[in-house]
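To keep things clear, I will list the structure first and then write my remarks on it.
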Amino acid sequence: MGNSQHELQPMYRTMYLIRRFEEEAARAYSLGKIGGFLHLYIGQEAVAVGAEAAIEKTDYVITSYRDHGVALARGSSARSVMSELFGKDTGLVRGLGGSMHLFDAEHRVLGGHAIVGGQLPLAAGVAFRARYMQERDVTLCFLGDGATNIGGFHEGLSLAGLWKLPVVFVCENNRYSMGTPLNRTTPLADLTLKAAGYGLASDRFDGHDVLTVRDRMRAAVERARDGGGPTLVEVLTYRFRGHSMSDPGKYRTAEELEDFKRTADPCALARKQLLTSGVAEELLSALEQEVETEVMDAVRFAEESAPASRSSLDAFVYAGSSGH
Amino acid sequence: MSEEMERDDRVFVIGEEVGYYQGAYKVTQGLLERFGERRVVDAPIAEAGFAGLAVGAAMVGLRPIVEFMTWNFSLVAFDQIVNNAAKMHQMSAGQLRVPVVFRGPNASARQVAAQHSHAVEPFYCNVPGLRVVYPSTPRDAKGLLKTAIRDDSPVVFLEGETLYGLQGDVPEPEADELIPFGSAKLVREGHHVTVVSFGRPMPMLTKLADELEREGISLELIDARSLRPLDTATIVASVKKTNRCVVVHEHWPYGGPGAEIVDCVQREAFDYLDAPILRASNLDVPMPYALELENEVIVGPERVRAALRQVLYLD
Ligand SMILES: Cc1ncc(C[n+]2csc(CCOP(=O)(O)OP(=O)(O)O)c2C)c(N)n1
Ligand SMILES: [Mg+2]
């Protein structure tokens, strides 16, 4: 077994965890146990997992509302994320945020953010601190293709480029901004063209193969860490589910979806690579069974946890002791 | 909207998912088929951009309707609305007009948490140069929207996200019924206490009024529906009759149109009041996700009942 196959196995496990976690979350949503908006990451798992493999635990990550994959890849427990979706006191943010607002300071997850583009200037700020303190932390900022049109994107890149901040903007181009295909939100076919205007480096690659994502991300991360400045990375990917659970997805054909599922399923691809490289089927099944147990345990834990607490309502409006 | 687009070629709609997707909440359903891409414009996620574009187009004669997918997203376009739309007429000493309607669903929906649950009326009501309306029935929505589209000033048109499901009769196109700004609606006559509200709480209050009727308490219910200008005359006349007043609103309790109504009643009907004017509102916290907590935060019948008991000295 080659070295990279050895590394692929845990990455496959995390991708499979995200996949099964979200399938169960979708089920719970249809049973009314989860409310609000639920944006699934299914189909895009290789991006968060490959990116995670390219950074250190001490680096920072910030993302949009499509945030379950990122949090799980960082190491937030399935229990704490599922409980959050269920709106329980044991959730990552005690039931205050739900699906769109996962924060986990311990794992340096600085939030799921629900206003498109809002996280980009924040990411510049997180990277600004590293420069200010002369530390070597890198910030990863995930965003969608649709987000490249809003002011926050342009101002965030503008500042990051100007001050050569150690941040990598990871644009997950899943070809749609809600129900609108890319060619109706921008005249560009290549989103990395937007990097040049702000003095950022850029890279663009296919995001279905987790090892490719890791290797290409490493280059951008090392550039940031070594003072080479920020990068805009465009990762070509695809979401297999609707924009959120309330989206019937009438804007794309069943053939297109099936095509991507057949040729570009990151979990299936990694599994195949592992088998080809000689990992035994039994080993993979055992690993999958382990994930299954972990996910079902998370669901049970979430169901059995105490509801969000009334005291959380006022407790976090102001920080410190001077508030009322 | 379609009636007004039929009537005036200068009227067009712009916003995210308003065309091919038929509107995120289906408000613009069928418009693209009927009026084409020239007049039903799908915009990318660039609220400051398309709100500003609408203001610019209006300065030179078009009459845009800007749909915000929800009013939460107007906050990234706040500068365009407050600094440009609201001020242009005054800054140009009347040379330019900005007949834009900004519309979309407002306030909390269901468990969409802190960044997606803003009741924005206090932000916009504070700004001279803007008109702000907030209908709670299909008929009022239609009549006020027609007025808004034909008005020569920028209008903030708030729709209750949870009110979209309400059904009700609306006048036929031929009726061309316009509801003027600055006219509150007396929804129900009563004599013990005046309740003033607007937007989402209205259906809840109508139901509550029925219940209280059976308990021997008679509410006079007023839907302010136009928040700027505000019809103080209708409200004050009612309080002079009932001598008591409770204001119910979904926005945060610090300031806003709720407080404005209280201020006007205490000034103009002070001698008629038998009790302090109270407000029942959402709690003063960012909206939480969990259902139990959200229900706790959003103003409901229990909080209104408590205020009513106090002004009626029933405790
Ligand atoms: C400022 C703002 N405008 C609109 C929305 C509503 N909205 C949420 S997600 C979304 C589409 C985003 O597409 P993209 O950036 O491609 O990310 P994806 O959902 O595909 O991951 C829209 C329009 C929002 N949350 N914030
Ligand atoms: Mg997208």
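The values are calculated or read from the model by the stated rules, or taken from the named source; none is laboratory data. Computed from a prediction, not measured in an experiment: that's the story for all the values here. Reconstructed Cβ throughout: ideal geometry from the backbone, glycine too, with neighbour counts over all protein chains shown. Remember, those area values only see protein heavy atoms, side chains included, never the ligands or the DNA or RNA. Shrake-Rupley method; radii C 1.70, N 1.55, O 1.52, S 1.80 Å.
List of remarks:
- Among the residues of B:42-54, the average count of other protein chain beta-carbon atoms within 10 Å of the residue beta-carbon is 5.
- Each eigenvalue of the Cα gyration tensor of chain B, multiplied by 5 and square-rooted, gives one semi-axis; in descending order these are 34, 20, 19 Å.
- Look at the stretch B:114-122: the mean tally of other chain Cβ atoms within 10 Å of its residues' Cβ atoms is 3.
- Relative frequency of Cα-Cα separations exceeding 49 Å in the protein assembly as shown, percent: 18 percent
- Within a Gaussian network of chain A (alpha carbon springs, distance under 10 Å), most fluctuating of A:LEU284, A:LEU232, A:LEU17: A:LEU284
- B:PRO135 sits among other residues whose Cβ lies under 12 Å from its own Cβ, and their net charge, with Lys and Arg +1 and Asp and Glu -1, is +4.
- Modelled FRET efficiency - R0 45 Å, A:GLU23 with B:ASP210, Cβ distances, 0.05 increments: 0.50
- DSSP-defined beta bridges in chain B - what % are antiparallel, rounded to 5: 15 percent
- Whether chain A is rounded, prolate or oblate, judged on the alpha carbon gyration tensor where a/c under 1.5 counts as rounded: rounded
- Environment charge of A:LEU140, counting only residues whose C-beta is closer than 9 Å and scoring Lys/Arg +1, Asp/Glu -1: -2
- Note on A:LYS194: aspartates and glutamates with a C-alpha under 16 Å away, same-chain residues under 8 apart excluded, are A:ASP145, A:GLU155, A:GLU172, A:ASP203, A:GLU234.
- Degrees, to the nearest 10: B:301-311 long Cα axis against longest axis of chain B: 50 degrees
- Projected label distance in nm at A:ARG262 and B:ASP79, using a 7 Å step from Cα toward the beta-carbon: 4.9 nm
- Highest-first packing order for the peptide set A:72-83, A:92-103, B:75-86 is A:92-103, A:72-83, B:75-86, based on the mean count of other beta carbon atoms within 10 Å.
- At R0 = 30 Å, FRET efficiency that the Cβ-Cβ distance of A:SER4 and A:ASP190 yields, to 0.05: 0.60
- Its relative contact order, with pairs defined as Cα atoms under 8 Å and 6+ residues apart, puts the stretch B:181-315 at 27 percent.
- Peptides B:162-175, B:32-45, A:254-267 ordered by average Cβ neighbours within 10 Å, highest first: B:32-45, A:254-267, B:162-175
- With a 10 Å cut-off around each Cβ of A:47-59, the average count of Cβ atoms from other chains is 0.
- Prolate/oblate/rounded call for the stretch B:2-175, Cα gyration tensor, a/c under 1.5 rounded: rounded
- Every Cα-Cα pair of the stretch B:185-311 was included, and the share exceeding 18 Å stands at 49 percent.
- Heavy-atom surface analysis with a 1.4 Å probe gives the protein assembly as shown a carbon and sulfur content of 53 percent of its accessible area.
- Descending semi-axes in whole angstrom, ellipsoid equivalent of the stretch B:243-315, from the Cα gyration tensor: 25, 15, 6
- Translational D in µm²/s for the stretch A:1-111 (Stokes-Einstein at 25 °C, 0.890 mPa s, Kirkwood Rh from C-alpha pairs): 174 µm²/s
- Local electrostatic count at A:SER311 - Lys and Arg +1, Asp and Glu -1, tallied over other residues with Cβ under 10 Å: 0
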